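Colleague: One structure is given below, represented as structure tokens, and several questions about it will come after.
The values are calculated or read from the model by the stated rules, or taken from the named source; none is laboratory data. Note that the structure is a prediction, hence the values are computed from the model and not measured. Virtual Cβ from ideal backbone geometry, glycine too; neighbours counted across all protein chains shown. Side chains are part of the model used for accessible areas, which takes the heavy atoms of the whole protein and leaves out ligands, DNA and RNA. Shrake-Rupley method; radii C 1.70, N 1.55, O 1.52, S 1.80 Å.
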Amino acid sequence: MRIGIMCHSTFGGSALIAIQLADLLAQRGHRVHLFTRTPPFIRWDSGNGVTLHTIAPPDGDPISAADLHVNWSTAEFEAFLSSVLKVAQTEGLDVLHFHYAVPFSFVSHAVKTRMGVDSPLLVGTLHGTDVSIHGKHADSGPELGNALKHLDALTTVSTSHARLASDVFGLPMPPQVISNFVDLSRFRPGAGDGYQIGSRTRPRIAHVSNFRPVKRAPDMARVFVSIRERINAALWLIGDGAEMGLVRAIFNRHSVNDHVTYWGLQHDIPRLLAQTDLLLLTSQTESFCLAALEAMACGVPVLAPRVGGLPEVVLDGETGLLFEVDDHAYAVNAAVELLCDPIRLQGMGEAAARHARGFSHVEGVDSYEALYRRLLDVRTNGRRAAHPREVPVLSHPLRLATGAAGE
Ligand code: GMT
């Protein structure tokens, strides 16, 4: 198949999934074109046959690799669209698949409008705040919902997020769930130079995120401060983003900065994660939380709020512990008790690694490949799709890029 994939180039789960998908599809012999605004921050094996198309060089880009950049200018949008159209027309793409709806559902819609019946099959994957923030926004939500209507298939990453997307956009049927996945050859117990979970007298807690408001990183900082009042734990912060300054300020105020390691944006996350004993999350919502899956794959249990798709990833009491989103006293207690019980910690770590094996990247890519084949089959055999899509008229595609705050 000839497949185009569109995603963000900055640090984040949707880009990671899209890039791994492109990589594995190319390894399976498909012709794959990856469309990103700038060369992706996430490193991947570019010797594998994926053709990369970007519209701006990385040098001098004012956008930090930590930001999920959705506020594209009209010029950026048009340049990106023309690059996609050129490849779709000259290569005869069979499928064009976006990861994260803003702004790519609008690109996809414009491709359909311009190419009509010659358009590639259009697939969209909703990842998280494209629904939970942009979709719920009073102005932009309806416009986004309209842009999804032209798709030949819509997928998302958890059952909980499929339900949310159906409610938010009033979809006639929920998106197909294709779970996120992890490369188990990289994310595995022992990836941290043989580090043995629970073996330190001074346990290490990890937090991995892009420090956007939705991650509630200041809450994570306050939980860590309370944990430190009871045990001598250390914290590894992996990632960077808008609220890192608030986090630092909390640690300074409570004089715990000496116990915190700031790793910043990293490529070799498995090596770091696998040297920690517990992943701590305090997000307001998560469609899935790839960081939780990655930690579990490394044999690290997860302490996280019971929100969104997290209960589908973390089995409470088995592969980690879940708490009600604002019950930080419970979270502190749970962390202290678990970290003081190395046998329980190790058992949970082993269960986490076992559970993560059900989310292998090979099976994830199988599911997307099967979806593409099914759609192509329907198109080739002239059968009508179950839900034929009309192309709605959109007024201001880029209006969505402004105004949706709180990400
Ligand atoms: O939607 C976002 O916040 C961005 C996105 C990303 O690119 O990092 O994160 C979402 O997609 C990830 C990959 O599917 C999920 O693991 C994250 O849970 C999800 N984030 C939220 O729902 C807040």
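Colleague: With the dipole of segment 204-359 worked out from charges on the C-beta (+1 for Lys and Arg, -1 for Asp and Glu) around the Cα centre, which of Leu246, Thr276, Pro311 lies farthest toward the positive end?
Modeller: Value computed over the given set: Leu246.
Colleague: Right, something else. Pull out a ≥ b ≥ c, the square roots of the eigenvalues of the alpha-carbon gyration tensor of segment 28-103, then state rounded if a/c is under 1.5, prolate if not and a/b is larger than b/c, and oblate in the remaining case.
Modeller: Values: a/c = 1.90, a/b = 1.30, b/c = 1.46.
It is oblate, given that a/c is not under 1.5 and a/b is not larger than b/c.
Colleague: Mind running the shape call on segment 327-375? Use the C-alpha gyration tensor, a ≥ b ≥ c as the square roots of the eigenvalues: rounded below 1.5 for a/c, prolate if a/b tops b/c, oblate otherwise.
Modeller: Details: a/c = 8.17, a/b = 2.57, b/c = 3.18.
Oblate shape, in that a/c is at least 1.5 and b/c is the bigger or equal ratio.
Colleague: Give me the number: length gained by fully extending Met115 to Thr90, i.e. 0.36 nm times residue separation minus the C-alpha to C-alpha distance, one decimal in nm. Before the final figure, lay out the partial values.
Modeller: Values: separation 25, 0.36 × 25 = 9.00 nm, distance 1.22 nm.
Roughly 7.8 nm would be gained on extension.
Colleague: How far, in degrees from 0 to 90, does helix 244-253 lean away from the longest principal axis of the Cα atoms of the chain, to the nearest 10?
Modeller: Its long axis makes an angle of about 10 degrees.
Colleague: Taking only Cα atoms, what is the 0 to 90° angle, nearest 10, from helix 328-339's long axis to the longest principal axis of the chain?
Modeller: Here the helix axis deviates by roughly 70 degrees.
Colleague: Using Cα pairs closer than 8 Å and at least 6 residues apart in sequence, work out the relative contact order for the chain, in percent.
Modeller: Across the chain, relative contact order equals 17 percent.
Colleague: Using a cut-off of 14 Å between alpha-carbon atoms, which aspartates and glutamates can reach Lys215, once sequence neighbours fewer than 8 places away in the same chain are excluded?
Modeller: Asp67, Asp240, Glu243, Glu286, Asp326, Glu407
Colleague: Now for a different question. With θ set to phi - 60° and the Karplus curve 6.51 cos²θ - 1.76 cosθ + 1.60, what are the ³J(HN,Hα) couplings of segment 207-224 in order, to the nearest whole Hz, using x for Gly and Pro?
Modeller: So the Karplus estimates, Gly and Pro as x, are 9, 10, 6, 9, 6, 7, x, 5, 7, 6, 4, x, 4, 4, 5, 5, 5, 5 Hz.
Colleague: Identify the residues of segment 215-238 with backbone N under 20 Å of a label point that sits 7 angstrom from the Cα of Thr201 along the Cα-to-Cβ direction, or state none.
Modeller: Only 228-235 fall inside the zone, counting backbone N under 20 Å.
Colleague: Pick from Val325, Val182, Val300: which residue has the top mean-square fluctuation in a GNM of the chain where Cα pairs under 10 Å get a spring?
Modeller: Val325
Colleague: In degrees from 0 to 90, rounded to the nearest 10, what is the angle of the helix 13-27 Cα long axis to the longest principal axis of the chain?
Modeller: Tilt of helix 13-27: around 60 degrees.
Colleague: Also, I was wondering about something else. Give me the distance in nm between label points sitting 7 Å out from Cα along the Cα-to-Cβ direction at His254 and Arg28, one decimal.
Modeller: Those two pseudo-labels are separated by 4.6 nm.
Colleague: Keeping every protein chain in place, order Met6, Met173 by accessible area at 1.4 Å, biggest value first, i.e. largest first.
Modeller: Of Met6, Met173, the descending order of accessible area is Met173, Met6.
Colleague: Heavy-atom accessible area per residue, segment 204-359, 1.4 Å probe: how many Å²? Let's see the in-between values first.
Modeller: Numbers: 5480 Å² over 156 residues.
With all protein chains present, segment 204-359 gives 35 Å² per residue.
Colleague: Full extension from Arg374 to Ala242: what is 0.36 nm times the residue separation minus their Cα-Cα distance, to one decimal in nm?
Modeller: Details: separation 132, 0.36 × 132 = 47.52 nm, distance 4.13 nm.
Full extension from Arg374 to Ala242 adds 43.4 nm.
Colleague: With unit charges on the beta carbon (Lys/Arg positive, Asp/Glu negative), name the residue among His109, Ser160, Ser255 whose Cα is farthest towards the positive pole of the charge dipole of the chain.
Modeller: About the Cα centre, the residue reaching furthest to the positive side is His109.
Colleague: For the chain, what % of the accessible area comes from carbon and sulfur atoms, probe 1.4 Å?
Modeller: The computed percentage sits at 49.
Colleague: Cα atoms only: what Rg and Dmax, in Å, come out for the chain?
Modeller: Reported Rg and Dmax, both Å: 21.3, 68.
Colleague: Any idea what the dipole of the chain comes to, in debye rounded to 20, about its Cα centre with Lys/Arg Cβ at +1 and Asp/Glu Cβ at -1? Intermediate values should be presented prior to the final figure.
Modeller: Working: 36 positive and 41 negative charges, 81 e Å.
Roughly 380 debye for the chain.
Colleague: Pull up the cross-link candidates among the aspartates and glutamates for Lys86, meaning alpha carbon to alpha carbon under 16 Å and not fewer than 8 places away within one chain.
Modeller: List returned: Glu76, Glu78, Asp94, Asp118.
Colleague: Amide H of Val177: which non-local residues (sequence gap of 5 or more, or other chain) have their own amide H closer than 5 Å, using H built in the peptide plane?
Modeller: Thr156
Colleague: Separate question: Need one word for segment 204-359: rounded, prolate or oblate. Basis is the Cα gyration tensor (sqrt eigenvalues a ≥ b ≥ c); a/c below 1.5 gives rounded, then a/b vs b/c decides.
Modeller: Numbers: a/c = 1.40, a/b = 1.28, b/c = 1.10.
Rounded shape, in that the Cα axes give a/c under 1.5.
Colleague: So what is the 222 nm mean residue ellipticity for the chain from helices alone, if each DSSP H run of at least 4 adds -39500 (n - 2.57) and you divide by all residues, rounding to the nearest 500 deg cm²/dmol? Don't skip to the answer; put the middle values down first.
Modeller: Working: 14 runs with 154 residues, N = 407.
Result for the chain, helices only: -11500 deg cm²/dmol.
Colleague: Could you run the Karplus curve 6.51 cos²θ - 1.76 cosθ + 1.60 with θ = phi - 60° over segment 296-305 and give me ³J(HN,Hα) per residue in whole Hz, x for Gly and Pro?
Modeller: Calculated HN-Hα couplings, in order: 4, 4, 8, x, 10, x, 10, 10, 8, x Hz.
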